[in-house]
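Since the structure comes first, as structure tokens, the remarks are kept for the end.
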Amino acid sequence: MFNIVSLTFRYIFIVLIYLFMLGIIRLIYLDIKSMRTFNGENSTYLKLINRKETVPFKIKDEYTLENEVKIGRSNQNDIVIRDPYLSKNHARIITDEGQFFVEDLKSINGTYINNNRIYDVTKLKNGDRIKVGQIEFLFVDQD
């Protein structure tokens, strides 16, 4: 009788180990699948540095940059962020001759690049950190 119970528990334990390993493999697959790969012309984007769970509002992980992108709380912006520290029209990112520039739109709390507040139109380089309100983005330009 003891041998049957021992054998049953052994097989149950083995099945649980395999289910655990399959769960971990599934999580790794979903994490890799969620990573975004760019190819072609839309290779410039903003990548969220903050953890989404730490902010009390909805925000996406990445925002593709077009010719002109406005950031703020208002629904008229291209990137709408409900951060109470953002102005209705906080900042904009513009393209000129293949170069990207960020401009603060006279916001109260300011726009920061690499922890330096900007007061004028500033050229962006790959890897720059853009901070607006509580949110910090990484500027990625793969061109």
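Data table
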quantity: Test for GLU66: is it surrounded by 11 or more Cβ atoms within 10 Å (Cβ to Cβ), at pLDDT below 90 and assigned to a loop (DSSP other than H, G, I, E, B); calculated: yes
quantity: Total residues in the stretch 87-112, condition of a type in the set (Gly, Ala, Ser) and open to solvent by 30 Å² or more (accessible area, probe 1.4 Å); calculated: 1
quantity: Residue within the stretch 33-45 that is outside the structural domain of VAL102 (by the TED database), open to solvent by 90 Å² or more (accessible area, probe 1.4 Å) and modelled with pLDDT of 80 or more present; calculated: no
quantity: The stretch 42-63 - residue that is aromatic (Phe, Trp, Tyr) and in a strand (DSSP E or B) and, of those, nearest to the chain's Cα centre (by Cα); calculated: TYR63
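Residue by residue, here is whether (1) out of contact with any strand residue (DSSP E or B) (no Cβ under 9 Å at 6 or more places or on another chain); (2) within 18 Å of THR122 (Cβ to Cβ) holds:
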position	(1), (2)
PHE2	yes, no
LEU7	yes, no
ASP31	yes, no
THR44	no, yes
LEU48	no, no
ASN77	no, no
LYS88	no, no
PHE101	no, yes
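The values are calculated or read from the model by the stated rules, or taken from the named source; none is laboratory data. Remember, it's a predicted structure, so these values are computed and weren't measured experimentally. Using ideal geometry, Cβ is built from the backbone for each residue, glycine included, and neighbour counts are taken over all protein chains shown. Note: accessible area is taken over every heavy atom of the protein model, side chains too, but ligands, DNA and RNA are not part of it. Shrake-Rupley method; radii C 1.70, N 1.55, O 1.52, S 1.80 Å.
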